[in-house]
1. Given the criterion assigned to a loop (DSSP other than H, G, I, E, B), over 26 Å from the mean Cα position of the chain (by Cα), surrounded by 17 or more Cβ atoms within 10 Å (Cβ to Cβ) and touching a residue at least 12 places away in the same chain (Cβ under 8 Å), identify the matching residue among 358, 434.
2. Hey, among 593, 611, 587, which residue is crowded, with 18+ Cβ neighbours inside 10 Å and not in a strand (DSSP E or B)?
3. Only one of (1) at positive phi; (2) surrounded by 24 or more Cβ atoms within 10 Å (Cβ to Cβ) fails for residue 169. Which number is that?
4. Is it the case that segment 278-292 has a residue that's within 27 Å of residue 325 (Cβ to Cβ) and in contact with a strand residue (DSSP E or B) (Cβ under 9 Å, 6 or more places away or on another chain)?
5. Looking only at segment 331-342, decide whether some residue is in contact with a strand residue (DSSP E or B) (Cβ under 6 Å, 6 or more places away or on another chain), at pLDDT 95 or above and under 22 Å from residue 275 (Cβ atoms).
6. Look at residue 346 and say whether it is within 30 Å of residue 123 (Cα to Cα) and surrounded by fewer than 17 Cβ atoms within 10 Å (Cβ to Cβ).
7. It is to be established whether one or more residues within segment 543-562 are crowded, with 17+ Cβ neighbours inside 10 Å and under 14 Å from residue 523 (Cβ atoms).
8. Looking for something under 30 Å from residue 522 (Cβ atoms), in contact with a strand residue (DSSP E or B) (Cβ under 7 Å, 6 or more places away or on another chain) and surrounded by 20 or more Cβ atoms within 10 Å (Cβ to Cβ) - is there at least one such residue anywhere in segment 457-466?
């Protein structure tokens, strides 16, 4: 097998792109330097005693260098009321900015892989699914405003523009209204600040991985009532598979204006483009021994690419937002938030889609060209505040929101019958790109969702809080005719559906709080069956109870919880129509389990983030198509740990060391049509490590090693035909970071 760095891996080629990356990275570092120089000039101008009366005197800008150590800030992922973790009667995990930087969590995928109780399932080299407690997470929020996460076109966002990631486990229908039981992810954007802050960062690592990132924010006028922020990032890297490379670019800008002392307008826009050339997908061995089918994952080198060099994915995301907030003297506030997001994906791909016979060692490639377009636009109007009743203070939030999503799916096959056979141990990726037919599949789905919601946090007594809420939903979808499948137009709607929510939090003392909650699952679907009919909505509920604790004055937070989830009308691909986006309802499912989540500071300078999850998810339906999914995306036992320690001043507080473990038990897919043969990935663990040193007060050098012991494993188990994906080998990243 090849090892990292052997001939054939791209470590130093393509100098043009490296030079371009160097220019971008230099600019990223230059921005803070220019701002710092400007600040020095301003201060110098103020301190010049003999300046003429005509010389402009610029304001002093305070520079803050404090470390942001709040690992458990108030969140809004569960409701519009900013709440400390112990006040939310569900399990909430936060991945703060400091951890993102320490672990080099570049994308949302990286952050979710480190979140306890979450499983990340790659669909291919770029797209992915998130699962919690065995169920897909389809609710994605930006600063608490809900959108829809559609795995057909979702490419993981770059985290350079976000302050933190908040993950709610279990149904999140209060704001989203329509949501499955998996949970919700809230991305909290970086916002403009009144003080000058910024950083520039350069990273280089294994597989020719080069990245530049910069962030600068500060006031744009003397009073700071107008302020701005700009974030830029560019990454050029090869993947561990042969001839596979990825380029990712991000630009984000925002501005905030205090229209009055109590009214703030914040607006911004971003653009992200990611291109990917490569092949990620592997089939499996399939044979018959003693009259029984036998399946086994391939034992090829992890660098194996079964595809063609003209393979290419291009993802483009652009969007904008505008938020207007007014704060009243009595503590109440009203906010209008609007957003627009445009996602595009262009793909031409040759991929392995045939089992491999042991000894023959060959598979067949098929080719397809697709185009996905998605537009999301929405608005959310809410008001929050508190009021007094019976001598106690209570909190309330009410609001309404609207979202329209338009999704268009086009696909084309090659002219003629294009297929190529490859040897899995010596693939040849030189076949010419075929000529493509005109679009043979063209489906357009338009979905409108709107509703009103309210949540009330009542103090029944000083230690006891009742959280009750509900949402009334209206929803409609229209699926245009599919030219290839010949299905008719289909539509479905929901009118005035109420999704209730209730929870209790009892403060035992200043350290411990007990909680319980009941939340409903109701999620309309846009999937259609073979007749073109939209599937019935997902339905179900979750019961959760647990204990939360704040130690060391709140610096360390812990949650222990048990949960029980029921769901019905699950969508599954119709096996009669492979690769045609035709589905059937998969019946009922159930998930039960236990979670333990710890995050914060256990000693000065010593941070820890740890979680253990036990999940027993299963299908309650006899349908063969629904029987095996949970075993591949919900490992029974899962452990995630990251800790970082900054040495005390008495030794050398410029040095910090960190390490982490991610471990899980086995996962498998079972195939009733093959006499219940299984594809299995045994349990595995990977270890990460970090060491960092503050060269100066403003400059830090760090080395991150991921998969330290180079564990070989499959991160996804698919089918005998395709969908089996290796996990990443050991990688080393060197980062140089300079801040103002």
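The values are calculated or read from the model by the stated rules, or taken from the named source; none is laboratory data. Just so it is clear, the model here is predicted, and its values are computed rather than measured. FYI the Cβ positions are ideal-geometry reconstructions off the backbone, even for glycines, and counts take in every protein chain you see.
1. 434
2. Selected residue: 587, the only one of 593, 611, 587 that is crowded, with 18+ Cβ neighbours inside 10 Å and not in a strand (DSSP E or B).
3. Exception for residue 169: condition (1).
4. No, segment 278-292 contains no residue that is within 27 Å of residue 325 (Cβ to Cβ) and in contact with a strand residue (DSSP E or B) (Cβ under 9 Å, 6 or more places away or on another chain).
5. yes
6. Yes.
7. no
8. yes
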